[in-house]
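Here the structure comes first, spelled out in structure tokens, and everything after it is commentary.
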Amino acid sequence: MKTGIISKVAGPLVIADGMRDANMFDVVRVSEQRLIGEIIEMHGDRASIQVYEETSGLGPGEKVESTGAPLSVELGPGLIGAIYDGIQRPLNEIMKVAGTNLTRGVDVPSLDHKKSWHFTPVAKVGDAVEPGDVLGTVQETAAVLHKILVPNKLCGKVEKIAEGDFTIDDVVCEISDGDKTTEVKMFTTWPVRVGRPYKKKLSPDILLTTGQRPIDTLFPLAKGGVAAVPGPFGSGKTVVQHQLAKWAAADIIVYIGCGERGNEMTDVLNEFPELKDPRTGNSLMERTVLIANTSDMPVAAREASIYTGITIAEYFRDMGYTVALMADSTSRWAEALREMSGRLEEMPGEEGYPAYLGSRLAQFYERAGRVIVNGSEDTEGALSVIGAVSPPGGDISEPVSQATLRIVKVFWGLDANLAYKRHFPAINWLTSYSLYTDQLAQWFRENAAPDFMELRSRLLALLQEEAELEEIVNLVGMDALSAADRLKLETSRSIREDYLHQNAFDPTDTYTSLKKQVLMMRAIMSFYDKAKKALDEGANIELLVNIPIRETIGRFKYVPEDKIDAEFTTIQNELDLEIDDVLKRSDD
């Protein structure tokens, strides 16, 4: 062991002398209480250590021991359904050991080393294998088949492979490279600050379907893409992330509560086990890993929670799964960086944040992507990252929001005014954007509808025109508008209230398939086109905007998926009849 002596304690920062033999990012145990820390700076034999537990009561002269290894996570069967703190300690197990009050220095293994899992071999004796190849599988939950992969940098021939029930410490396979034989267990460890390797990164040209209309239609996220959800308090960031966790087309969900308030994390811990997974009908926890790091936990652990979460997500991506990672919220992580930077007496950047804030955020987000994973077969895996940002007062000109926007390709800007009007999801259609739209255009034409992009463009154009017309209405009143402009306003209202407003608590409206989204857009635009033509033929605008079929179009979102074709045909027929009727009455 490389040992040193504490010379200074400043909150989560501990300075230790005599650490010449230690390395940057080594995990250390601080004092007799064996608190977990990580070396973040070295000057000669003096180490600056960020401690991931409460440091009150520590003082100069106490001992520090380096483990000689970087902060790592255990990866293997038992991850799914687990609830960890920021440094991958299972909270359920800690409660059994320490009770309901989290005591310092508790050391509990991340995975259950006593539980048996049924290992089914896939590789055979004599097979030549390389890193990333599947050796065997473990049915971890009904939703997740856990694949045991050949560890990184290990190539050779399978000498032995077992079948049956084993703990994760048992040897299930032996691989020989000619010179030596390596034993392979069902779990591995990986340093959290190092991205897991892959063969090739692919273009983000496949949609990550979410069933949320404002997202899929207007501001889509590609598989392997990165998105930011900034918004002030109460605008619905957590609601959006919960909806994506439940409905996004992802095999595995990793949810990181990074420095969020305890009650928000409690909601997640209570709700997720009760949420029904639409794929299997079982609990959503059967394909979820939760990392709970609340605002009253030590500040330094926020950084660890972000890296722990994305390393676990990469592990499942390497099995060929589509993984969605929710980070709620990266602003709290940035605040932790600011506090540590201040205690290290570094030169502050804008608003006191460290000058390297942007590069740290980039290092995190760039670990997302749709990739060809390691292995002899070209298997595709994807890791999409959705990060919530909590700018004070919703001001996105602050450094964390701006640094995030320079990195991410999708911006779902949440608007407090929309949220107060009970418009959810409160994504502002005038300020939000997606830079994946052009790359996804071909996918939409082939998988949604040939005219999907045209319908989307027309919707956005009407919403943009509505914003301009609203200014005129506010100045001089509705009477000053022409009939054509009034029709634009009415259609835009229909887009806002009937299409972009989505009820997460309604069993039918909570998820909308792409086919239904296309039919809903066609129904609204069909009314606009036919009403516009009728106006040109002399129809009365008051009669046009009050035709009964508009109510049916508005309620289309509550029609079950198996009845949408029949309902759409009914709307088209009724629309023609009612507009003809308006024309006759206008002539009279």
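Annotations for the structure displayed:
- Shape call, segment 103-229: gyration tensor on alpha carbons, a/c limit 1.5: prolate
- In Hz, Karplus ³J(HN,Hα) per residue of segment 362-379 (6.51, -1.76, 1.60; θ = phi - 60°; x = Gly, Pro): 4, 4, 6, 5, 6, 7, 6, x, 9, 9, 8, 7, 4, x, 6, 9, 7, 8
- Distance violations [Cα-Cα > 28 Å] among Lys147/Lys199; Lys2/Lys115; Lys200/Lys409; Lys2/Lys160: Lys2/Lys115; Lys2/Lys160
- Scaled against 2.2 N^0.38 Å for its residue count N, the alpha carbon radius of gyration of segment 335-421 is 1.41.
- Cα gyration tensor category, rounded, prolate or oblate, for segment 17-105 with a/c compared to 1.5: oblate
- Size descriptor for segment 375-450, Kirkwood hydrodynamic radius: 15.2 Å (Cα pairs only, one decimal).
- Qualifying GluC sites (Glu not before Pro) in segment 348-389, DSSP loop, other Cβ atoms within 10 Å at most 15: Glu366, Glu377
- Short-range pairs are left out: with C-alpha atoms under 8 Å and at least six residues apart, the relative contact order of the chain is 13 percent.
- Per atom type, segment 55-151 shows carbon and sulfur on 53% of its accessible surface, probed at 1.4 Å.
- Among 160-167, 228-235, the peptide with the highest mean count of other Cβ atoms within 10 Å heads the list, and the full ranking is 228-235, 160-167.
- Estimated 222 nm signal from helices in the chain, with DSSP H stretches of n ≥ 4 weighted -39500 (n - 2.57), rounded to 500: -10000 deg cm²/dmol
- Once the gyration tensor of the Cα atoms in segment 45-84 is diagonalised, the equivalent ellipsoid follows with semi-axes of 30, 15, 8 Å, ordered largest first.
- For Val122, the amide hydrogen comes within under 5 Å of the amide hydrogens of Gly136, Thr137, counting only partners 5 or more places away or on other chains and with H modelled in the peptide plane.
- Relative protection proxy for 555-561, 263-269, from highest mean packing down: 263-269, 555-561 (other beta-carbon atoms within 10 angstrom).
- Read-out semi-axes √(5λ) of the Cα gyration tensor in Å, derived from the coordinates shown; its label in [x] 51, 30, 19; [y] 43, 31, 27; [z] 41, 26, 23: [x]
- Shape class of segment 429-497 from the alpha-carbon gyration tensor: prolate, with a/c at 1.5 or above and a/b greater than b/c.
- Taking Cα atoms only, the orientation of helix 262-274 departs from the longest principal axis of the chain by about 80 degrees.
The values are calculated or read from the model by the stated rules, or taken from the named source; none is laboratory data. The structure displayed is predicted, hence computed values, not measured ones. Note: ideal-geometry Cβ built from the backbone for every residue, glycine included; neighbour counts use all protein chains shown. Heavy atoms of the whole protein, side chains included, go into the accessibility calculation; ligands, DNA and RNA do not. Shrake-Rupley method; radii C 1.70, N 1.55, O 1.52, S 1.80 Å.
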